[in-house]
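Each remark here refers to the structure printed beneath this line.
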Amino acid sequence: MIRLFLVLILAGLTTVQAIAAEDNKTEFSAPQTETGKLTIYSTTDLPAMKPLIEDFQQTTPNVSIVYIEYLTNELNALAAEACRKHQPLGDLLLSSSVDQLLKLANDGCATEHNSPETLRVAEWANWRDEVFGFTYEPAVFVYNSNKVPPAEVPRTHVELADLLRERLDYYRGRVGTYDIRLSGIGYLLAFNDARQTTTVFGRLLESMARASAVARCCTGEILEEVARGNLYIGYNMLGSYAYDAAQRHPDLRIVVPRDYTLVLSRGALIPKGAARADLGAAFLDYLLSERGQSVARTNAFYFTESGELPPGVDGPQNLKESGVAQPIRIGPALLAVQDRAQRQRFIEDWAQSMIELNSPAWMRE
């Protein structure tokens, strides 16, 4: 997330209402006389949420919105500390690291919410009516078509591992993925990769380590480096961000892996004791509504559980019907992901394999 870059972009936009941006905080003034203010803390980049915020304000024109961005681990730490002090962090939390939201809910930091819109949520994307998934996003491979020959495009995790072994010199230092020590979503995806098949995950991790894979904190950094040709392949990128980047960079291509595809649903949680829990609930209902989902498909998140893949994406025609989709269920199993001892052990093993033993010093930033 390049916050200064986002601020500069926003400064050049003209909208029906005033937008004021300050570092990681953006304020959307009410289109009409303000009667309430909604504060959202989120890990989702503003350009993805802006169309949804503006459309919501068309339905609720007397509400101003403060949107504050953090990295996943930062937001989780702030929310957990606020809960311990009985000082809710805003009125709504949005995070791609749904395991962290689930842990917050399990620790008593969430408000239960029921409405006709929450009934629309798939069973796998609803935890005790406290954490709701509102997107459907596959973890994809991305590559630069000028750097990866058509015959070498990997379409399964095994093919990617084999490619890095067979073409080690060519791809050394040219593959990017999350640094799971810094990225909550990177950790969540890696942990679930290991659950799919330990053998394949171990083989891929070894291949990426031997190829001196570049570890970065954020999806945007990796996508931009692949688009520029500094990296050739990006692994486990969020499909929505990848598709948005591919629309801006025609050399960037997307592959939905055909052996299995992890699917994430970004989560929403209303903090316990939120000052305007009613407005948090209203925005959550909008995100889950048919109208909100339509705006999201068109402007921000692109992939749907029941629909076909977006144009130009290399993968099965329908992700769900193909049988390769493996949704990360928002449920008790995610608590194991946040178990302190298990998390530390997994990250240490990953770091030893990926960073400490195999990456040259110039990549350990």
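The values are calculated or read from the model by the stated rules, or taken from the named source; none is laboratory data. All values derive from a computational prediction rather than experimental measurement. Heads up, the Cβs are rebuilt from the backbone with ideal geometry, glycines too, and the neighbour counts pull from every protein chain shown. We work out accessible area using only protein heavy atoms, side chains counted, and drop any ligands, DNA or RNA first. Shrake-Rupley method; radii C 1.70, N 1.55, O 1.52, S 1.80 Å.
Remarks
- The residues on offer are 167, 181, and the sole one that is open to solvent by 10 Å² or more (accessible area, probe 1.4 Å), in contact (Cβ under 8 Å) with a residue 24 or more places away in the chain and more than 21 Å from residue 333 (Cβ to Cβ) is 181.
- Residue satisfying all of: in region 131-186; within 14 Å of the chain's Cα centre (by Cα) and β-branched (Val, Ile, Thr); farthest from residue 283 (Cα to Cα) among these: 177
- When 336, 282 are screened for being part of a helix (DSSP H, G or I), free of Cβ contacts under 8 Å to residues at least 12 places away in the same chain, surrounded by fewer than 22 Cβ atoms within 10 Å (Cβ to Cβ) and among the small types (Gly, Ala, Ser), only 336 passes.
- Residue count, region 257-312 (criterion: out of contact with any strand residue (DSSP E or B) (no Cβ under 7 Å at 6 or more places or on another chain) and closer than 22 Å to residue 108 by Cβ): 6
- Within region 170-191, the set of residues being assigned to a helix (DSSP H, G or I), under 17 Å from residue 337 (Cβ atoms) and in contact with a helix residue (DSSP H, G or I) (Cβ under 8 Å, 6 or more places away or on another chain) comprises 184, 185, 187, 188, 190, 191.
- Remark: residue 253 falls outside the filter, which requires a residue to be more than 18 Å from residue 327 (Cβ to Cβ) and free of Cβ contacts under 8 Å to residues at least 40 places away in the same chain.
- Residue 150 satisfies every condition listed in (1) farther than 30 Å from residue 101 by Cβ; (2) buried (at least 24 other Cβ atoms within 10 Å of the Cβ) except (2).
- Some residue of region 59-67 being open to solvent by 10 Å² or more (accessible area, probe 1.4 Å) and within 22 Å of the chain's Cα centre (by Cα): yes
- Total residues in region 37-58 satisfying the condition of being modelled with pLDDT of 95 or more and either farther than 25 Å from residue 219 by Cβ or charged (D, E, K, R) (or both): the figure is 7.
- Set 236, 230: member being on the phi > 0 side of the Ramachandran plot and modelled with pLDDT of 95 or more: 236
- Given (1) assigned to a strand (DSSP E or B); (2) open to solvent by less than 50 Å² (accessible area, probe 1.4 Å), number of the condition residue 295 does not satisfy: (1)
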